[in-house]
Amino acid sequence: MVKGKVGRVYGALMQILTINKGIPLGYNCDLQEDKPMLWDAINTVKSSVSISHRQMMTSIYQSERATELCWRNFSTVTELANLLVTNKNIPFRETHKISSMLVRQLTEIQSDLRNFDYIQKYLAEHTITLNIAEISECVSPDKVVQKVED
């Protein structure tokens, strides 16, 4: 619901900007036309924040399940690509290709990003040297979240 309300607030903004665009310097009676849109936008934002707050306070999060899904859906493999760009000076286009092929191969052997030995061997085939601790630190969902929080 809240995402849908964004369009309403953007619409009010565009209306207000359009009204103000045509106003010469000084007071103009056209300014009275912006008040209904302004108040509607304010009320929409207030109700959206209230709804979001109630949702956050009553939501139940299953952290263990979320972590497991992150491992299985390869959502942190982009961190590996970023690591190769920043630490190994490999162009992102190439690291993207390497990462996507890694995901394909892990999927074929029905494995996930916890298979650090396989990842290390795969990178070595591409003349990239990373130890298992670096790989683990890079693709671990918990570590990725900690980086974002820092």
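Brief remarks on what is shown
- Label-point separation in nm, Ala66 to Arg54, each point 7 Å along Cα→Cβ: 2.2 nm
- Computed over the stretch 4-58: relative contact order in percent, which uses C-alpha pairs under 8 Å that are six or more apart: 43 percent
- The charge dipole of the stretch 22-101, taken about the Cα centre with unit charges on the Cβ atoms of Lys, Arg (+1) and Asp, Glu (-1), comes to about 400 debye, rounded to the nearest 20.
- Spin-label pair Lys97-Val145: with each label point 7 Å from Cα along the Cα-Cβ axis, the two points sit 3.5 nm from one another.
- In the context of the full protein assembly, Ser136 retains an accessible surface of approximately 40 Å², using a probe radius of 1.4 Å and ignoring ligands and nucleic acids.
- Among His53, His126, the order of accessible area from largest down is His53, His126, computed with a 1.4 Å probe on protein heavy atoms.
- When each of the peptides 62-71, 41-50 is scored by the mean number of other C-beta atoms lying within 10 Å of its residues, the order from highest to lowest reads 41-50, 62-71.
- Across the stretch 1-137, counting alpha-carbon atoms alone, Rg and Dmax equal 25.5, 73 Å.
- Members of Lys3/Lys46; Lys97/Lys143; Lys88/Lys121; Lys97/Lys121; Lys5/Lys46 lying beyond 21 Å, as alpha-carbon distances in this model show: Lys97/Lys143
- Cα-Cα separations in the stretch 4-58 greater than 15 Å, expressed as whole percent: 55 percent
- Calculated [θ] (222 nm, deg cm²/dmol) that DSSP helices of n ≥ 4 give over the chain, each run adding -39,500 (n - 2.57): -23500 deg cm²/dmol
- A simple spin-label model places pseudo-atoms 7 Å from Cα toward Cβ; at Asn20 and Glu125 they are separated by 5.8 nm.
- Net charge dipole size for the chain [Lys, Arg +1 and Asp, Glu -1 on Cβ; Debye, nearest 20]: 400 debye
- At R0 = 30 Å, FRET efficiency that the Cβ-Cβ distance of Glu108 and Glu134 yields, to 0.05: 0.80
- Selection among Thr95, Val45, Gln120 by position relative to the dipole of the chain gives Val45 as farthest towards the positive end (Cβ unit charges, Cα centre).
- The ratio of the alpha-carbon radius of gyration of the stretch 66-149 to the globular-protein estimate 2.2 N^0.38 Å is 1.00.
- Partner aspartates and glutamates for Lys35 [C-alpha distance under 14 Å; skip if fewer than 8 residues away on the same chain]: none
- Positive dipole terminus of the chain, leading residue within Val2, Ser63, Gln105 (C-beta point charges): Val2
The values are calculated or read from the model by the stated rules, or taken from the named source; none is laboratory data. Quick caveat, the model's predicted, so the values are computed rather than measured. A quick note on method: Cβ atoms are made from the backbone with ideal geometry, for glycine too, and the neighbour counts reach across all protein chains shown. Surface accessibility is based on the protein's heavy atoms, side chains included, excluding ligands, DNA and RNA. Shrake-Rupley method; radii C 1.70, N 1.55, O 1.52, S 1.80 Å.
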